[in-house]
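Here's the structure, in structure tokens; my notes come after.
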Amino acid sequence: MTSTEADAVAARAEAFVADLQEWLRIPSISADPGHHGDVARSAAWLAERLRAEGWPQVEVWDDTDALPAVFASWPAADPADPTVPTVLVYGHHDVQPADLADGWSHPPFEPEVVGEELRGRGASDDKGHLAMVRLGVAAHLAATGADGPAVHLKLLAEGEEESGSAHLDALLAAHRDALACDAIVVTDTGMVGRDAPTVCTGMRGMVDTEIVFRGASVDLHSGQFGGAVPNPVTELARLVAALHDDDGRVQVPGFYDDVRPPTDAERSAWAALPFDEPAWLATSAAGAQATAGEAGWSTYERLWARPTAEVNGLHGGYDGPGHKTIVPHSAIAKLTFRLVADQDPARVLDGIRAFVEAHTPPGITAEVIAGGPGVPPLICDVDSTLVTTIREAMGAALGAEVLPAREGGSGPEALLATELDAPLAFLGVMLPSDRIHAPDERAVVPLLLAGAEATAHLWRMLGDRGV
């Protein structure tokens, strides 16, 4: 391990935590219009810090319908060298909603340090990781003694990732020239465990739907009409029950036709990762009582490499106190489908419509409402220079071999890679126990510091090797 990067991070550790705490006090909740001013304030705060840290170009982008994003760039120490790559770091400065009443043990926007943990909304997802990158740049410059990084470095901090990145495509289109790069590194990611360091090499896509079954124009008396007309709630429950077979396979037509399975090497690497099922259920899965899913696949494989259908909500009829003897006039199911390598959201949505049509009985009118065009999955080239160099940089900082893994969630990564026409990889140190999107979110400070050291190594290595 190159000690100079580690020394530079250690020398700045106390100031790093204090600075991050200040940023976490800004409740930049993009999903709540009442906090959009705080999103703007968070962007202004970040821009001011980047300028103070020496970034030559810093801009707050608020010229589209998107909430304010921050862009910064720092040319390489040798800007005339044609072999020096341009690397764009992507993260987001907005955060999930949080309120003391949700079950927090302390006010979510009054961050506090408890032992090794920094607790507060955004400590891990994703302000802590953007701060980690900033620290890594400072450590890299301190270690090299140069006036600029070993690569042409760019940074994009989005302001509405936590509310769906609805305007990211427009933001990318409006600033395509400024964002041009040879590679993208995403900070909004993590590892399987502190004792099992991994690098994410893929994320699932998603299709979001709402299924509405309608019968009569109003609720009917169950004594006068029950058993004589179809019940939308009952019929929608039948549809939901038919989504999976006894082996947990999704029954949407053509659902698995395009699925690219993980390679044997990936399955072997995932099998080598430690997995304590009772501990995982008790902690990461918040007390879930058993694992379940598609037969023939491990838990990691189900989460990372198999597509799923989940019922997010099923509503219809009366749910007040006592009882109300009715045949409800409508019912709604909210479903999300996670997609894996090579699945196309549009084709999956066509299959969902066909499935609903096949399970709509006479007397029921069905409507399928898509929540948008869907999010495609993204799979990294595990053997690429970019991914292997990130693994090496993380290994140097963490003092352990870093294995490839994936994540089960979805995000804007495929859009970034497609629109900017550049390979994408991940570098982050979030843990499953960081409680992101949940009460008492935390980051493990020593891991953020190690992540900063890893980024410092990464810029040096990519400057030598390219991407």
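The values are calculated or read from the model by the stated rules, or taken from the named source; none is laboratory data. A quick note: this is a predicted structure, and the numbers were derived from the prediction, not measured. Cβ coordinates were reconstructed from backbone atoms using ideal geometry, including for glycine residues, and neighbour counts include every protein chain displayed. All accessible areas refer to the heavy atoms of the entire protein, side chains included, with ligands and DNA or RNA removed. Shrake-Rupley method; radii C 1.70, N 1.55, O 1.52, S 1.80 Å.
Assorted remarks:
- Looking across the stretch 182-206 at every residue that is among the acidic types (Asp, Glu) and in contact with a strand residue (DSSP E or B) (Cβ under 6 Å, 6 or more places away or on another chain), the one that is most open to solvent (accessible area, probe 1.4 Å) is identified as 182.
- Set side by side, the residues 290, 242 differ, and just one is over 30 Å from residue 437 (Cα atoms) and among the hydrophobic types (A, V, I, L, M, F, W, C), which is 242.
- Each residue in the stretch 169-214 was checked for being in a helix (DSSP H, G or I) and under 24 Å from residue 125 (Cα atoms), and 5 of them qualify.
- Pairs meeting the criteria (first residue in the stretch 381-406 and under 19 Å from residue 449 (Cβ atoms) and among the aliphatic types (A, V, I, L, M), second residue open to solvent by 40 Å² or more (accessible area, probe 1.4 Å) and assigned to a loop (DSSP other than H, G, I, E, B), beta carbons under 6 Å, at least 6 apart or on different chains) are 396/1.
- Matching option when the condition is within 19 Å of residue 423 (Cβ to Cβ) and crowded, with 24+ Cβ neighbours inside 10 Å, among 156, 179: 156
- Residue satisfying all of: in the stretch 161-175; open to solvent by 30 Å² or more (accessible area, probe 1.4 Å) and of a type outside the set (D, E, K, R); modelled with the lowest pLDDT among these: 164
- Qualifying helices (runs of 4 or more DSSP H) (wholly inside the stretch 236-338; at least 2 residues being open to solvent by less than 50 Å² (accessible area, probe 1.4 Å) and at pLDDT below 95): 264-271, 277-282
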